[in-house]
Amino acid sequence: MKGRPVRGLIGGFLLGIFLDIDLVFGGVVKLNSVVLTILPIALLVVGLLLGLWAPLGRSSPDRPAPQIFAAPAPSAGEAASPSITEETPPI
Amino acid sequence: MRLIRVLIAGLIVVGVPILSATAAHATIKGPCSATGTINGKTYNGKQASVVIPRTGDVHWKGAIRTATGGKRNIEGKVQLEFPPPFGKIVVANGSWDGPSSTYRNSGTYHYDFPSVLAGPKFTLSGHHAERGSTVCTGSVDIRFSGSKLKNPILLGSLLLTVISVLNLSLVVRAKGVRS
């Protein structure tokens, strides 16, 4: 699994632009407000970071997955028989 | 993870009002006076913000009180302010310069703006310079009368904002693993 940094970056920037339009046309901020400049850039960065971190709370992909079921050590009589961890062909 | 979400939400809730809060605008600074009359209502230099009709004729007057008279070089502009990096643009015929012996002026200006401009707050600023030095500055916040909620640009933008939020929420989801 891996994130979507480019999509996050573009999505964040577009969200910033649309929020800018909402704020201006809703009369929340003045047309010359510096918020209108900061918001798209800030959300661009937030989108990029969210994309890099996605999915939130995942473990590192480089770390090997923990082995839940350990194969028992084969005894002398079972040495010839296939291990349960080996792949068996479908019947 | 919950803490990060709470922190981000807190930053948005607290940050936007802090960043959008600006000092109260001074109106006219210097020995100048200016008035505008629209549909019989007079707006003067003491008003920091006004709501005016979208369409109308403004009967404007401007004057400067100075001890010296005679002909001198003057320069001035009335500009509409945009956020950085866009700066300011001169509105209509709001620019003057050159040698002049006039110390007061008046006129009528007709304006007609579309209904989609009802809602935004515009800042108009101006200055007047005599003999190369600025003697008067001023600004006023203007909003056109009309309903914001009937503005198609605002409605369309709100819809696109919701779609953008959904898109951004999908960004943080895991990609499906295909074998």
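Any read-out appearing in this document is the output of simple, stated calculations on the displayed coordinates, not a laboratory observation. Keep in mind it's a predicted model, so treat the numbers as computed, not measured. As a convention, Cβ positions derive from the backbone with ideal geometry for all residues, glycine included, and neighbour counts pool all protein chains shown.
Worth a mention:
- A simple count of charges around B:HIS128, restricted to other residues whose Cβ falls under 13 Å of its Cβ and scoring Lys, Arg +1 and Asp, Glu -1, yields +3.
- With a cut-off of 14 Å between beta carbons, the residues surrounding B:HIS110 carry a summed charge of -1, where Lys and Arg count +1 and Asp and Glu -1.
- Shielding by partners - mean other protein chain Cβ count within 10 Å, residues of B:82-89: 4
- Estimated distance in nm for a label pair at B:THR27 and A:ILE41, the labels positioned 7 Å out from Cα along Cα-to-Cβ: 3.5
- Order of B:HIS110, B:HIS127, B:HIS59 - criterion: other Cβ atoms within 10 Å of each residue's Cβ, fewest first: B:HIS110, B:HIS59, B:HIS127
- Net charge of the neighbourhood of A:LEU36, taken over other residues with C-beta under 10 Å away and scored Lys/Arg +1, Asp/Glu -1, is 0.
- Kirkwood hydrodynamic radius of region B:105-179, from inverse mean 1/r over distinct Cα pairs, in Å: 17.4
- Cross-link partners of B:LYS29 among lysines, defined as those whose alpha carbon lies under 22 angstrom from its own and excluding same-chain residues fewer than eight positions apart: A:LYS30, B:LYS46, B:LYS61, B:LYS77, B:LYS88, B:LYS121.
- Gyration tensor (alpha-carbon) shape descriptor, region B:62-152, a/c threshold 1.5: prolate
- Footprinting exposure proxy ranking of A:ASP22, B:ASP57, B:ASP112, fewest other C-beta atoms within 10 angstrom first, gives B:ASP112, B:ASP57, A:ASP22.
- Shielding by partners for peptide A:17-23, expressed as the average number of C-beta atoms from other protein chains within 10 Å of each residue's C-beta, is 6.
- Largest first, the three principal axis extents of the alpha carbons in region B:52-112 are 38, 31, 17 Å in whole numbers.
- Across peptide A:37-44, the average count of Cβ atoms from other chains found within 10 Å of a residue's Cβ is 3.
- In terms of packing, defined here as the mean over residues of other Cβ atoms within 10 angstrom, the peptides B:146-153, A:41-48 line up highest first as A:41-48, B:146-153.
- Ordering of B:91-100, B:157-166 by packing is B:157-166, B:91-100, highest average first (other Cβ atoms within 10 Å, averaged per residue).
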